[in-house]
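Chemist: Quick one: structure below, then a few questions.
Each value in this text was obtained by applying a stated rule to the coordinates, not by laboratory testing. Worth saying up front: this structure is predicted, and the values here are computed from it rather than measured. Backbone-built Cβ (ideal geometry, glycine too); neighbour counts: all protein chains shown.
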Amino acid sequence: MRKGSKLILLLSLIGLAYLGSEAMYRQSTATAYHSSGELDFFRGNGMALPLADNGFFKTAGHCDGCHGTDPLGIASVNSEGVDISPVENWRATMMANSARDPFWKAKVSHEVTVNPVHQSALENKCTSCHAPMGKFAYDHYNAGPYSMEILATDEVGQDGVSCLACHKMSDVNIGNTNSGNLHYSNLAVAYGPFEKPFEPPMQEFVSMIPLYSPHINDAGLCAGCHTLLTESVDLSGNFTGSTFVEQATYHEWLNSQFSVEGTEVTCQGCHMPRVSEPVILSANHNFLPPRSPYGKHELVGGNTFMLKLMKQNREALNIPSNETHFDTVIARTERLLQQQTLDMELTMSGYAADTAFYEVKLTNRAGHKFPSGYPSRRAFIEFVMLKENGDTLFSSGAFQDNYEVQGQDSDYEPHYRTIRESHQVQIYEMVMGDVNGNVTTVLERAFAHLKDNRLAPRGFTTAHEVYDTTAIRGAALNDPDFNFDGFEGSGTDRIGYHIALNGYEGTVTTRARVYYQPLPPKGMEEMFAQSTPEIDLFRPMYENADHTPVLVAQDSMVGIQIVTGVNGRDPNREWNVYPNPTADGHLRWRNDGKAPRTIEVYSASGSFVMSVAGDRQHLQLPDAKGVYHLRALFDDGRSVMRKVVRR
């Protein structure tokens with residue numbers, strides 16, 4: 001049977017199954033169509049999304065009428081009336097602009113400049129994930145390789161990872177594909193998460209059939225693009241016969257507690273937050289029954305840098321989104337980074353002679369490594385110790401005026417278990433090496449991982465079947481605290497900071513912060529050494545962008561009294577507070593040595609709260625929940641800090 005005949009038969013069968021729904025729809029045509037004013041409204045008042053169709057895919061502009069902002073404020077809103085429509089949430093994301101991304105275009109041109117004989121294969125591969133609706137339509141019609149030149153004039157390809165790039169993807173070999181080898185249905189269908197969808201509007205307006213399929217909520221839907229293996233070449237452009245894992249975010253998820261059946265949290269579960277309350281799915285079809293749970297198409301990751309850059313250059317990049325669209329996505333991205341990514345805890349284990357001992361503990365809360373994805377991304381710890389007058393006693397990981405990390409090695413910084421010098425910085429990253437073992441940022445030349453100490457997700461083990469694509473590399477392999485906190489798979493790292501006091505006596509304030517950079521200057525140097533139209537377009541955009549790293553997590557300790565000349569004492573063993581955390585605010589302490597003279601209590605911000613006599617052996621925290629710092633003062637001049645949490 002010919003494809004057209006199959007489609008007609010399928011449409012007929014679905015039409016017979018829903019005669020009642022069709023009749024109801026026909027009676028509601030007065031509210032089913034949109035006026036020109038309404039169209040202008042939900043297309044962004046002049047920011048219209050493209051209406052293009054290549055016979056296999058349609059752009060998001062075709063979906064906007066029903067799945068964009070509802071002029072009546074009835075469909076795609078939450079209980080507070082806030083617009084959570086799929087198109088509106090999606091339109092300023094990195095996914096929506098994957099094919100307009102100027103860094104991606106510059107990087108493709110860089111790869112082609114390095115190995116020009118591979119241009120066709122490189123561009124065909126890179127567009128598989130960044131412009132899938134253009135590339136796979138070419139495959140469907142056997143039109144040959146899809147190039148960047150074709151993409152430049154292809155409105156469907158320019159729509160990036162648009163609605164049908166996901167909703168037309170089939171369940172063929174789901175979860176087992178990689179490197180842009182995607183599978184799409186040959187029928188004019190759109191898969192969705194709800195059973196018995198109401199077909200007539202989609203058939204009427206865009207000639208497509210909505211179909212229920214559970215695979216749309218399967219994390220494997222993301223595997224084809226978020227697992228990328230490249231074929232390595234030597235410095236002459238000859239293939240080595242080996243492959244390199246450029247990114248394996250999906251496999252990192254598999255090697256985590258997030259993928260465990262029964263407690264599974266999929267990619268969609270985090271990047272498309274669920275609304276449990278019922279939501280009407282289609283604008284101007286308020287007779288439709290509400291559905292739940294509803295997945296908000298926020299689709300944010302961690303790349304605020306590129307979002308801000310594209311916002312600043314949206315007209316030059318022909319992006320059909322306004323400042324408000326971008327500001328909303330940037331805020332969501334920062335919220336994900338700062339509230340759902342990382343926990344940090346700073347503690348002091350005491351001081352001996354002329355050295356103070358601190359520990360920073362990081363816990364990865366993401367369902368994959370942090371950072372994950374494209375290899376340029378990195379996170380680093382800034383650790384600062386200040387004297388009473390505000391002067392710096394010690395600093396590691398400060399970023400400079402050019403937004404590079406101060407003190408880092410010229411090639412790459414090793415992983416540390418203990419940091420003792422200012423030029424030592426804990427940087428979490430993946431570093432690629434070429435066939436000669438030298439650092440490279442050319443993806444085709446990537447031959448070996450010189451370093452991969454990115455924080456593992458909770459549940460990550462070296463025994464997992466996908467460890468070969470997610471392996472820890474470099475000095476982190478020999479760090480007994482890396483991903484081990486009493487058990488393998490803790491998702492944590494502990495870093496000791498042993499700080500020389502140089503005879504200083506007095507109060508100190510210590511803080512630790514984790515910053516995130518998607519495109520640090522160091523990672524751009526190799527590309528910016530070349531000149532192509534795409535690189536030359538991106539360079540001034542990059543130079544004029546806001547390079548401020550995103551603060552992901554922080555912790556601090558204030559008011560610690562340092563007295564030099566105390567040798568060999570570990571206050572950790574002399575004064576212990578429990579229970580911690582405390583549910584009712586009642587605290588007790590145990591002394592292995594002399595009892596403290598006084599206990600002082602400070603808020604998380606360092607404000608004095610109260611003090612009690614140390615021989616009381618207990619105290620009651622205020623009613624306010626949160627973090628408190630306890631400072632025990634001893635007769636010999638020592639002071640010991642403890643951080644406690646009231647839940």
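Chemist: Express the relative contact order of the chain as a whole percentage, based on alpha carbon pairs under 8 Å and six or more residues apart in sequence. Don't skip to the end; give the middle numbers.
Modeler: Working: 1373 pairs, mean separation 77.6, N = 647.
This gives 12 percent for the chain.
Chemist: What does the C-alpha gyration tensor say about the overall shape of the stretch 480-571? Classify as rounded when a/c is under 1.5, otherwise prolate if a/b is larger than b/c, or oblate. Let's see the in-between values first.
Modeler: Values: a/c = 3.24, a/b = 2.04, b/c = 1.59.
Here the stretch 480-571 falls in the prolate category.
Chemist: Continuing with the same structure: Please report the equivalent ellipsoid semi-axes of the stretch 501-647, computed as sqrt(5 x eigenvalue) of the Cα gyration tensor, largest first, in whole Å. Could you put the intermediate results ahead of the total?
Modeler: Details: eigenvalues 434, 77, 27 Å².
Equivalent-ellipsoid dimensions as semi-axes: 47, 20, 12 Å.
Chemist: What does the extension gain come out to for Thr418 and Asp485, with contour length at 0.36 nm per residue minus their alpha carbon separation? Walk me through the numbers on the way to the answer.
Modeler: Numbers: separation 67, 0.36 × 67 = 24.12 nm, distance 1.61 nm.
Fully extending the segment from Thr418 to Asp485 adds 22.5 nm.
Chemist: Oh, and also: Using DSSP H assignments, which helices in the chain have an axial alpha-carbon span of 15 Å or above and a mean Kyte-Doolittle hydropathy of 1.0 or higher?
Modeler: 3-17
Chemist: Additional query: Using all C-alpha to C-alpha distances in the stretch 328-374, build P(r) with 10 Å bins and read off the rounded percent in each one.
Modeler: In whole percents, the pair-distance histogram is 22, 34, 22, 16, 5, 0.
Chemist: Related question: Using alpha-carbon pairs under 8 Å, 6+ residues apart, how would you state the relative contact order of the stretch 382-476 in percent? Before the final figure, lay out the partial values.
Modeler: On the way: 147 pairs, mean separation 18.3, N = 95.
Once divided by the residue count of the stretch 382-476, the mean separation gives 19 percent.
Chemist: Which cross-chain or sequence-distant (5 or more) residues have an amide H under 5 Å from the amide H of Phe460, H modelled 1.01 Å from N in plane?
Modeler: It is Gln257, Gly491, by chain and number.
Chemist: Which percent, to the nearest 5, of DSSP beta bridges fully inside the stretch 3-336 are antiparallel?
Modeler: Numbers: 12 of 16 bridges.
Looking only at bridges with both residues in the stretch 3-336, the antiparallel portion is about 75 percent.
Chemist: Can you pull the three principal axis extents for the Cα set of the stretch 374-456, in Å, largest first?
Modeler: 52, 27, 21
Chemist: Please list log₁₀ I(q)/I(0) at q = 0.18, 0.19, 0.21 Å⁻¹ for the stretch 191-330, using the Debye equation with identical point scatterers on the alpha-carbon positions.
Modeler: Taking Cα atoms of the stretch 191-330 as identical point scatterers yields -1.21, -1.23, -1.25.
Chemist: For the stretch 3-336, state the semi-axes of the equivalent ellipsoid (square roots of 5 times the eigenvalues of the alpha-carbon gyration tensor), sorted largest first and rounded to whole angstrom. Let's see the in-between values first.
Modeler: Values: eigenvalues 222, 100, 89 Å².
Whole-Å semi-axes of the equivalent ellipsoid: 33, 22, 21.
Chemist: Further question: Where does the stretch 338-561 land on Rg/Rh, using Cα atoms and the Kirkwood Rh? Provide the component values of the computation, followed by the final result.
Modeler: Values: Rg = 18.5 Å, Rh = 18.7 Å.
With Rh from the inverse mean 1/r over Cα pairs, Rg/Rh is 0.99.
Chemist: How big is Rg to Rh over the stretch 294-345, alpha-carbon atoms, Rh as the Kirkwood inverse-mean-distance radius? Please list the in-between numbers first.
Modeler: Details: Rg = 12.7 Å, Rh = 12.1 Å.
Expressed as Rg/Rh, it is 1.06.
Chemist: Here is a further query. For a footprinting-style exposure proxy, rank Glu526, Glu199, Glu465 by other Cβ within 10 Å, fewest first.
Modeler: Numbers: Glu526 15, Glu199 20, Glu465 9.
In increasing order of surrounding Cβ atoms, one gets Glu465, Glu526, Glu199.
Chemist: Regarding the stretch 269-320, what are the three Cα extents along the principal axes, ordered largest first, in Å?
Modeler: 42, 27, 9
Chemist: Rounded to a whole number of µm²/s, how large is the Stokes-Einstein D of the stretch 73-199 at 20 °C and 1.002 mPa s, given Rh as the Kirkwood radius over C-alpha pairs? Don't jump to the answer; show the numbers that get you there.
Modeler: Numbers: Rh = 16.3 Å.
Result for D is 132 µm²/s.
Chemist: Do any of Lys296/Lys522; Lys125/Lys196; Lys369/Lys643; Lys125/Lys361; Lys196/Lys296 go past 32 Å between their Cα atoms, and which? Let's see the in-between values first.
Modeler: Values: Lys296/Lys522 35 Å; Lys125/Lys196 36 Å; Lys369/Lys643 28 Å; Lys125/Lys361 40 Å; Lys196/Lys296 20 Å.
Among Lys296/Lys522; Lys125/Lys196; Lys369/Lys643; Lys125/Lys361; Lys196/Lys296, the Cα-Cα distance tops 32 Å for Lys296/Lys522; Lys125/Lys196; Lys125/Lys361.
Chemist: Then there is this: With the contact rule set at Cα under 8 Å and sequence spacing of 6 or more, what percent relative contact order holds for the stretch 338-561?
Modeler: Working: 481 pairs, mean separation 60.4, N = 224.
Averaging sequence separation for qualifying contacts and normalising by length gives 27 percent for the stretch 338-561.
Chemist: If you line up the Cα atoms of the stretch 213-272 on their principal axes, what length do they span on each, largest first, in Å?
Modeler: Principal extents (largest minus smallest coordinate, Cα): 48, 24, 17 Å.
Chemist: Just to confirm my numbers, what's the Cα centroid distance between the stretch 313-374 and the stretch 171-242 in Å?
Modeler: 29
Chemist: List the residues, sorted by chain then number, that are 5 or more residues from Ala190 or on another chain and whose placed amide H is less than 5 Å from its amide H.
Modeler: When sequence neighbours closer than 5 places are left aside, the close amide H contacts are Ile209, Leu211.
Chemist: Let me ask another. If each residue's Cβ is checked for other Cβ atoms within 10 Å, how do Asp635, Asp452, Asp481 rank with the fewest at the top?
Modeler: Arranged by neighbour count, lowest to highest, Asp635, Asp452, Asp481 become Asp635, Asp481, Asp452.
Chemist: Quick one: Debye curve from the C-alpha atoms of the stretch 569-646, no solvent, what's log10 I(q)/I(0) at q = 0.11, 0.15, 0.16, 0.25 Å⁻¹?
Modeler: Rounded to two decimals, the profile gives -0.24, -0.45, -0.51, -1.26.
Chemist: Percentage of Cα-Cα pair distances in the stretch 520-565 greater than 16 Å, rounded to whole percent? Can you show the working numbers first?
Modeler: On the way: 628 of 1035 pairs.
More than 16 Å apart: 61 percent of the Cα pairs in the stretch 520-565.
Chemist: A further question on this structure: Would you please put 108-118, 533-543 in order of how densely packed they are, using the mean number of other Cβ atoms within 10 angstrom per residue and starting with the highest? Could the numbers behind the result be given before it?
Modeler: On the way: 108-118: 18.3, 533-543: 16.6.
The packing order, highest mean first, is 108-118, 533-543.
Chemist: Subtracting the Cα-Cα distance from 0.36 nm times the residue separation, let me have the gained length for Ala463 to Phe239 in nm, one decimal. Intermediate results must be reported in sequence, preceding the final value.
Modeler: Values: separation 224, 0.36 × 224 = 80.64 nm, distance 3.05 nm.
Length gained between Ala463 and Phe239: 77.6 nm.
Chemist: Something else about it: Please go through the stretch 180-239 and write out the chymotrypsin sites (Phe, Trp or Tyr not before Pro) that DSSP classes as loop and that have at most 16 other C-beta atoms within 10 Å. Walk me through the numbers before you get to the answer.
Modeler: Details: sites: Tyr184, Tyr191, Phe194, Phe198, Phe205, Tyr212, Phe239; in loops: Phe194, Phe198.
When the chymotrypsin sites (Phe, Trp or Tyr not before Pro) of the stretch 180-239 are filtered for loop state and at most 16 Cβ neighbours within 10 Å, Phe194 remain.
Chemist: Please order Trp253, Trp589, Trp104 by the number of other Cβ within 10 Å, starting at the fewest. Spell out each step's value before the answer.
Modeler: Details: Trp253 31, Trp589 19, Trp104 22.
By the 10 Å Cβ count, ascending, the order reads Trp589, Trp104, Trp253.
Chemist: Work out, in µm²/s and without decimals, the Stokes-Einstein translational diffusion coefficient of the chain at 4 °C, 1.567 mPa s, Rh from Kirkwood over C-alpha pairs. List each step's numbers first, then the result.
Modeler: Details: Rh = 27.4 Å.
The Stokes-Einstein estimate is 47 µm²/s.
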